[in-house]
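S.K.: Please find one structure pasted underneath; my questions will follow.
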Amino acid sequence: MPFPPPSRVPSGPRRRSLLVSVAGGALLVGCSGGSDDSGGTGGSPSAADRARARAARDSAELVERYDAVIAAHPALAERLRPLRAETVRHAEAFGGTAARPVPSSGSASAPAAPAVVPADEKAALASLAADERALADRRTEALLGLPGESARLLASVAAAGAAHVFLLTEGAR
């Protein structure tokens with residue numbers, strides 16, 4: 001005798017399980033700075049080298065946006081510090097630097113190129129999430145033309161950016 005079908009069919013993965021899967025994949029791939037796929041011969045930089053340099057710049061700019069939001073909204077500092085620290089590590093993994101110290105909650109220091117930060121905390125988080133989302137999307141599109149290690153690193157960081165978007169927008173629901 002056959003078993004009856006379940007009364008409720010799962011609609012797919014839950015958001016948290018998807019986030020855990022993405023984060024786990026990012027950890028498995030890792031954010032190593034070493035690369036065996038530069039392939040340059042001393043002339044112009046390879047596509048992988050150009051992509052890594054751009055990714056390092058993009059991550060450094062994103063760190064500055066985090067700094068601007070932290071400076072404008074010190075109450076968000078505790079929530080944003082871990083995400084900012086990850087973004088610093090991303091810049092370093094691509095060979096860049098973005099290791100300026102996090103502004104303290106009492107500090108009025110601002111990034112070198114002041115970004116426009118919305119006055120409302122929720123709007124500031126939404127703006128930061130939009131920046132993370134746009135960067136993750138650009139990185140995902142750039143994967144097609146990259147070889148091995150560079151593609152894995154870029155995919156890992158794009159996945160981490162998507163996780164940051166979720167974490168930045170989680171409290172807004």
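S.K.: How many residues are closer than 18 Å to His90 by Cα, free of Cβ contacts under 8 Å to residues at least 24 places away in the same chain and out of contact with any helix residue (DSSP H, G or I) (no Cβ under 6 Å at 6 or more places or on another chain) if we restrict to segment 131-164? Talk me through it step by step, then tell me what you get.
M.R.: Just the residues of segment 131-164 that are closer than 18 Å to His90 by Cα, to begin with: 131-143, 146, 148-164.
The next check asks that each one be free of Cβ contacts under 8 Å to residues at least 24 places away in the same chain; those that pass are 134, 137, 140-141, 143, 151, 158.
Adding the requirement that they be out of contact with any helix residue (DSSP H, G or I) (no Cβ under 6 Å at 6 or more places or on another chain) leaves 134, 137, 141.
Total meeting the criteria: 3.
S.K.: Now for a different question. Being among the polar types (S, T, N, Q) and either within 13 Å of the chain's Cα centre (by Cα) or buried (at least 22 other Cβ atoms within 10 Å of the Cβ) (or both) is the filter here; which residues of segment 51-102 pass it?
M.R.: Scanning segment 51-102 gives Ser59, Thr87.
S.K.: Only residues in segment 51-70 that are closer than 16 Å to Arg133 by Cα count as the first member; pair them with residues that are among the basic types (Lys, Arg), Cβ under 6 angstrom, at least 6 apart or cross-chain, and list the lot.
M.R.: Tyr66/Arg84
S.K.: Filter segment 80-100 down to the residues that are under 18 Å from Asp131 (Cα atoms) and touching a helix residue (DSSP H, G or I) at 6+ places or on another chain (Cβ under 8 Å) and list them by number. Before the answer, list the steps.
M.R.: Taking segment 80-100 first, the residues under 18 Å from Asp131 (Cα atoms) are 80-91, 98.
Across segment 80-100, the qualifying residues are Leu80, Arg81, Leu83, Arg84, Glu86, Thr87, Val88, His90, Ala91, Ala98.
Just so you know, all these numbers are worked out from the coordinates, no wet-lab data involved. If you're wondering where the values come from, they're calculated on a predicted model, not measured in any experiment. No Cβ is skipped: glycine too gets one built from the backbone with ideal geometry, and neighbour counts run over all protein chains shown.
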